[in-house]
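**Student:** For reference, the structure I am asking about is given below.
The values are calculated or read from the model by the stated rules, or taken from the named source; none is laboratory data. No experiment lies behind these values; they were computed from the predicted model shown. Neighbour counts run over all protein chains shown; Cβ positions are idealised from the backbone, glycine included. Surface areas here come from the heavy atoms of the whole protein model, side chains and all, with no ligands, DNA or RNA. Shrake-Rupley method; radii C 1.70, N 1.55, O 1.52, S 1.80 Å.
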Amino acid sequence: SSQSIGGASATPGASTATALDAVGSLHEAMFGNYRLWCADLGIRPARALPAADLARLGVTDAEAAEGLSQLVDVVLYLCAWGESANLRHVPELQAFIFHKLSCSTAA
C-alpha cells in the first residue's frame with residue numbers, strides 16, 4: 001500500500017528507512033571526534049541509551065533500536081553543546097562532557 005506525501009508516492013517502510021539513514025549519517029558525522037577521543041584514551045565510547053536497553057522498553061526491531069539510540073546521543077550532545085558556551089571551542093572538553101552525561105544516563 002502506497003501513500004502520497006507532498007505529491008510523491010512512498011511506501012510506509014521507505015520513510016522509516018530514510019529517517020534511520022539520516023540519523024545514522026548525522027551520528028557518524030557528529031561523533032567522529034568523540035570516537036577518536038575515546039580511542040586516544042583507551043576507553044569505550046558511551047551511549048546515552050544503548051540499543052540493547054531498548055528491548056526492555058518494548059523496541060524489538062534491532063535497526064529501529066540502533067536508530068533511536070543514535071538519535072538520543074545526538075539530542076544529548078546538542079543539549080550539552082548548546083549550554084557549553086565558549087567551552088564548545090575545546091572539542092576534547094565537549095567529548096568529556098558528552099561521555100560523562102552518557103554514562104550517567106545509561107546507569
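**Student:** Please go through the range 40-73 and give me each residue that is open to solvent by less than 70 Å² (accessible area, probe 1.4 Å), part of a helix (DSSP H, G or I), modelled with pLDDT of 85 or more and farther than 18 Å from A17 by Cα, ordered by number.
**Tutor:** The answer is D53, L54, D73.
**Student:** With the structure loaded, tell me whether E83 is surrounded by fewer than 16 Cβ atoms within 10 Å (Cβ to Cβ), modelled with pLDDT under 90 and within 23 Å of A17 (Cα to Cα) or whether it fails that test.
**Tutor:** So E83 fails the test.
**Student:** Any idea which residue in the range 10-39 is most open to solvent (accessible area, probe 1.4 Å), counting only those that are within 21 Å of V90 (Cβ to Cβ) and among the aliphatic types (A, V, I, L, M)?
**Tutor:** Out of the qualifying residues, it is L36.
**Student:** Within the range 51-74, track down each residue that is in contact (Cβ under 8 Å) with a residue 24 or more places away in the chain and either within 19 Å of N33 (Cα to Cα) or in contact with a Ser or Thr (Cβ under 6 Å, 6 or more places away or on another chain) (or both).
**Tutor:** Listed by number, the residues that qualify are Q70, L71, V72, D73, V74.
**Student:** Restricting to the range 91-107, name every residue that is surrounded by 12 or more Cβ atoms within 10 Å (Cβ to Cβ) and either among the basic types (K, R) or not in a helix (DSSP H, G or I) (or both).
**Tutor:** K100
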